[in-house]
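First up is the structure itself, then whatever we jot down about it.
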């Protein structure tokens, strides 16, 4: 099985997912806009196929990924979080957020799904969403909107691709303790506003999200499609 993993910056969830799939014996194609991240990954895991492209650029993505394959598993992890108060939201933030968080998922998934259908092969796609898709958070209006749209896209893809034996699911993490998560939520006062709403009383670790992704890619979730799986310590239950 060959998984394709598009990321904007190959760190945190994306990097650890690549490492886990490589360790499981998969041939992995890793996509990032950052060549240095890809170079570091290849040094650590020889055999990974790196593709450097900005997924916000439709034409460049088509050129870079049009010949990649065959791909059986896809993890859409590329994303940006441009946080602004609603009254200060800019056109640039809207365009960049929707281009990367939603449009790129559509494009990359089309490339993979068309090839799967042409080969008559089964496949699985996992979209990395967020708890912010289902709960309003201050300064997250654009980010939450992209993730809410991603959740519905996941369901629509599952409906249309299911007859072709392609499953599509999403994972919806809370704050994850990646380097970015640690930087953005290191302020105890800010962190407390979210932690107080998480029954388990803690943020997610990267491996919690990676484990959920691997489950949804595997045959162990063979009857699961169109789902949005919280990895949130109970945040969405409150």
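The values are calculated or read from the model by the stated rules, or taken from the named source; none is laboratory data. Predicted model only: the values in this text are computed from it and were never measured. Cβ atoms come from the backbone with ideal geometry, glycine included; neighbour counts cover every protein chain shown.
Residue by residue through region 206-225, note down the ones that are closer than 14 Å to residue 173 by Cβ, touching a strand residue (DSSP E or B) at 6+ places or on another chain (Cβ under 8 Å) and in contact (Cβ under 8 Å) with a residue 60 or more places away in the chain.
Selection gives 206, 209, 213, 216.
Has region 143-153 got any residue that is touching a strand residue (DSSP E or B) at 6+ places or on another chain (Cβ under 6 Å), closer than 30 Å to residue 223 by Cα and at pLDDT 95 or above?
Yes.
Specify the residue that is farthest from residue 138 (Cα to Cα); the eligible residues are those in region 190-221 that are under 20 Å from the mean Cα position of the chain (by Cα) and assigned to a loop (DSSP other than H, G, I, E, B).
Filtering region 190-221 for residues that are under 20 Å from the mean Cα position of the chain (by Cα) and assigned to a loop (DSSP other than H, G, I, E, B), the one farthest from residue 138 (Cα to Cα) comes out as 218.
Look at region 177-205 and say how many of its residues are touching a strand residue (DSSP E or B) at 6+ places or on another chain (Cβ under 6 Å) and either surrounded by fewer than 20 Cβ atoms within 10 Å (Cβ to Cβ) or modelled with pLDDT under 95 (or both).
Total satisfying the criteria: 0.
Could you list, in sequence order, the residues of region 1-30 that are modelled with pLDDT of 90 or more, in contact with a helix residue (DSSP H, G or I) (Cβ under 7 Å, 6 or more places away or on another chain) and part of a strand (DSSP E or B)?
30
Filter region 144-155 down to the residues that are over 13 Å from the mean Cα position of the chain (by Cα) and farther than 16 Å from residue 124 by Cβ, then identify the one that is surrounded by the fewest Cβ atoms within 10 Å (Cβ to Cβ).
Only one residue fits best here, namely 152.
Give all pairs with beta carbons closer than 7 Å in which a residue from region 74-96 that is part of a helix (DSSP H, G or I) meets a residue that is surrounded by 14 or more Cβ atoms within 10 Å (Cβ to Cβ); count only pairs at least 6 apart in sequence or on separate chains.
These pairs meet every condition: 86/141; 93/82; 93/84; 93/142; 94/142; 96/56; 96/80; 96/82.
Give all pairs with beta carbons closer than 6 Å in which a residue from region 120-133 that is closer than 7 Å to residue 76 by Cβ meets a residue that is assigned to a loop (DSSP other than H, G, I, E, B); count only pairs at least 6 apart in sequence or on separate chains.
Going by the 6 Å Cβ cut-off, the qualifying pairs are 128/77.
Would you mind telling me which numbered condition in (1) out of contact with any strand residue (DSSP E or B) (no Cβ under 6 Å at 6 or more places or on another chain); (2) at pLDDT 95 or above residue 80 fails?
Against the list (1) out of contact with any strand residue (DSSP E or B) (no Cβ under 6 Å at 6 or more places or on another chain); (2) at pLDDT 95 or above, residue 80 comes up short only on (2).
Which condition number does residue 34 fail, the rest of (1) surrounded by 13 or more Cβ atoms within 10 Å (Cβ to Cβ); (2) free of Cβ contacts under 8 Å to residues at least 24 places away in the same chain; (3) over 26 Å from residue 166 (Cα atoms) being met?
For residue 34, the exception is condition (2).
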